[in-house]
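Below is one structure, written out as structure tokens, with a few remarks after it.
The values are calculated or read from the model by the stated rules, or taken from the named source; none is laboratory data. These figures come from a predicted structure and were not determined experimentally. Don't worry about glycine lacking a Cβ; one is built from the backbone with ideal geometry, like all the others, and counts go over all protein chains shown. Protein only, heavy atoms only, side chains kept; ligands, DNA and RNA dropped before computing areas. Shrake-Rupley method; radii C 1.70, N 1.55, O 1.52, S 1.80 Å.
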Amino acid sequence: MTDLILPGLIDVHTHLRVPGGAHKEDFATGTAAALAGGITLLLAMPNTSPPLTTPAALAAARAAAAADARCDVGLFAGAAPADIDQLPALAPDAAALKIYLNDTFGRLRVDDLPTLVACFQTWPREKLIALHAEKQSVAVAIGLAAIYDRAVHICHVSRREEIELIADAKGRGLLVTCEVTPHHLFLSQADAARLGPLGDMRPVLGAADDVAALWAHLNDTVDCIATDHAPHTLEEKRSDAPPPGVPGLETSLPLMLAAVEDGRLSVERLTALMHDNPRRLFGLPQQPDTRVEVDMTPYTIPAGGWQTKCGWTAFAGLRAGGRVRRVVLRGQVVYEDGAVLAAPGSGKVL
Ligand code: DOR
Ligand code: ZN
Ligand code: ZN
């Protein structure tokens, strides 16, 4: 039964692991997971191996996406001190620039001021700069938006003081936007203790007070819901050095629909957070004749049965407010009742 029709959802923060990590995910499996979650356009992150900081690496990733993607894909270029002179050459083939200010999975990092300044001086103004910024790095990102009078997008905000600082920056008219992930909205430190390495990611899960602050700002300060889908194998997660990150493409909409169901979020606001704002902020193309048909019968999120290659979830046992029944992309049924119908290579690369 179809209770709700949404536009094709947009995830502006997905890790698809090609090149260098195809055993975790690749464009075919990651975009299958996206369609199963009602996502028809995603932006893939550049912290691959090698990272997408040179035209050659970006071209290779684009070729892999063109061959394998089942939904539309844009790629982030990455900022790295050694490759910073490559930014103008990267820009035409990238949807946006990603700067990592804090430690996370992979080696991509900017922790020197000359590199940061070069990013803001040479990246084209019409393309967005997104930052992995935590704690005081959020203030650095906001300061750069002010100094260069240009837009910055702050990824996966997770702490009360961060979302409050962003709210103040917006109140002063600065060009700052942000995203929040379902894991930072639906899980907290208590879950991290229960889940062990399966509940570890960057930023780490917050305290109950941080979670409450994110919910309190969902209707004003938060611009986008983004998955930060970060697949790692169960073997890697259970190893002595578990990498941070959790998959999220297939559970993002079902979880947000639970918030719709219990009256914490309107369908209009969900559509703004998961389609309208991502499209506008990143300047993404419309997808004509594209929709997501949703069955609003609540259920419990299962442990398995996923399209993502990593095959697990941190959300098992949580309540979902609805499930994706059918996805239509440019007039073609690409997902229906658990089956991914889109062929690898049928998605467009932006
Ligand atoms: O937990 C995370 N995992 N946070 C990030 O910023 C990167 C991601 C990954 O690539 O695994
Ligand atoms: Zn990040
Ligand atoms: Zn990420």
Problem - Selection count, the range 198-213, where residues are within 27 Å of residue 234 (Cα to Cα), surrounded by 15 or more Cβ atoms within 10 Å (Cβ to Cβ) and away from ligand 1 (no atom under 11 Å from the Cβ) - result: 3
Handout entry: Hits in the range 18-66 - residues which are among the aliphatic types (A, V, I, L, M), open to solvent by 10 Å² or more (accessible area, probe 1.4 Å) and outside any helix (DSSP H, G or I)
Key = 18, 22
Handout entry: Pair list, Cβ < 8 Å and 6+ apart or interchain, from the range 30-43 residues that are in contact (Cβ under 8 Å) with a residue 24 or more places away in the chain to residues that are assigned to a helix (DSSP H, G or I) and among the polar types (S, T, N, Q)
Key = 37/252; 39/252; 42/31
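On the basis of being more than 17 Å from residue 41 (Cα to Cα), touching a Lys or Arg at 6+ places or on another chain (Cβ under 6 Å) and more than 16 Å from ligand 3 (Cβ to nearest atom), does residue 295 make the cut? Steps first, answer last, please.
On the way: more than 17 Å from residue 41 (Cα to Cα): yes; touching a Lys or Arg at 6+ places or on another chain (Cβ under 6 Å): yes; more than 16 Å from ligand 3 (Cβ to nearest atom): yes.
So residue 295 fits the description; yes.
So which of 106, 38, 74 is at pLDDT below 95 and touching a strand residue (DSSP E or B) at 6+ places or on another chain (Cβ under 9 Å)?
Working: 38 fails: at pLDDT below 95; 74 fails: at pLDDT below 95.
Criteria check complete, one pass: 106.
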Exercise for the section: Return a yes/no flag: does the range 205-214 have any residue that is among the β-branched types (Val, Ile, Thr), within 16 Å of ligand 2 (Cβ to nearest atom) and within 20 Å of the chain's Cα centre (by Cα). Expected result: no
Practice task
Hey, can you tell me all the residues within the range 234-258 that are more than 19 Å from the chain's Cα centre (by Cα) and either within 16 Å of ligand 2 (Cβ to nearest atom) or under 20 Å from residue 39 (Cα atoms) (or both)?
Solution key: 258
Exercise for the section: Have a look at 241, 216, 230, 272 and point out the one that is under 17 Å from residue 184 (Cβ atoms) and surrounded by fewer than 22 Cβ atoms within 10 Å (Cβ to Cβ). Expected result: 216
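I'd like the full set of residues that are touching a residue at least 12 places away in the same chain (Cβ under 8 Å) and polar (S, T, N, Q), limited to the range 131-169.
137, 158, listed by residue number.
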Practice task
Identify the residue in the range 7-17 that is away from ligand 2 (no atom under 16 Å from the Cβ) and outside any strand (DSSP E or B) and, among all such residues, is surrounded by the most Cβ atoms within 10 Å (Cβ to Cβ).
Solution key: 8
Problem - Residue identified as under 17 Å from the mean Cα position of the chain (by Cα) and either farther than 30 Å from residue 127 by Cα or open to solvent by 40 Å² or more (accessible area, probe 1.4 Å) (or both) among 291, 279 - result: 279
Exercise for the section: Among the residues of the range 194-211, write down those that are touching a helix residue (DSSP H, G or I) at 6+ places or on another chain (Cβ under 8 Å) and not in a loop (DSSP other than H, G, I, E, B). Expected result: 197, 198, 199, 208, 209, 210, 211
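Looking at the range 282-297, is at least one residue assigned to a helix (DSSP H, G or I), within 22 Å of residue 76 (Cβ to Cβ), in contact with a Leu (Cβ under 8 Å, 6 or more places away or on another chain) and not small (Gly, Ala, Ser)?
Our first condition is that a residue be assigned to a helix (DSSP H, G or I); within the range 282-297, this holds for 282.
Those left that are additionally within 22 Å of residue 76 (Cβ to Cβ): 282.
From what is left, the residues that are in contact with a Leu (Cβ under 8 Å, 6 or more places away or on another chain) are 282.
Then keep just the ones that are not small (Gly, Ala, Ser); that gives 282.
Checking the range 282-297: at least one residue is assigned to a helix (DSSP H, G or I), within 22 Å of residue 76 (Cβ to Cβ), in contact with a Leu (Cβ under 8 Å, 6 or more places away or on another chain) and not small (Gly, Ala, Ser).
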Exercise for the section: Within the range 153-162, identify whether any single residue is open to solvent by 10 Å² or more (accessible area, probe 1.4 Å) and more than 16 Å from ligand 2 (Cβ to nearest atom), and answer yes or no. Expected result: yes
Practice task
Assess whether residue 117 counts as being in contact with a Leu (Cβ under 6 Å, 6 or more places away or on another chain), of a type in the set (A, V, I, L, M, F, W, C) and at pLDDT 95 or above.
Solution key: no
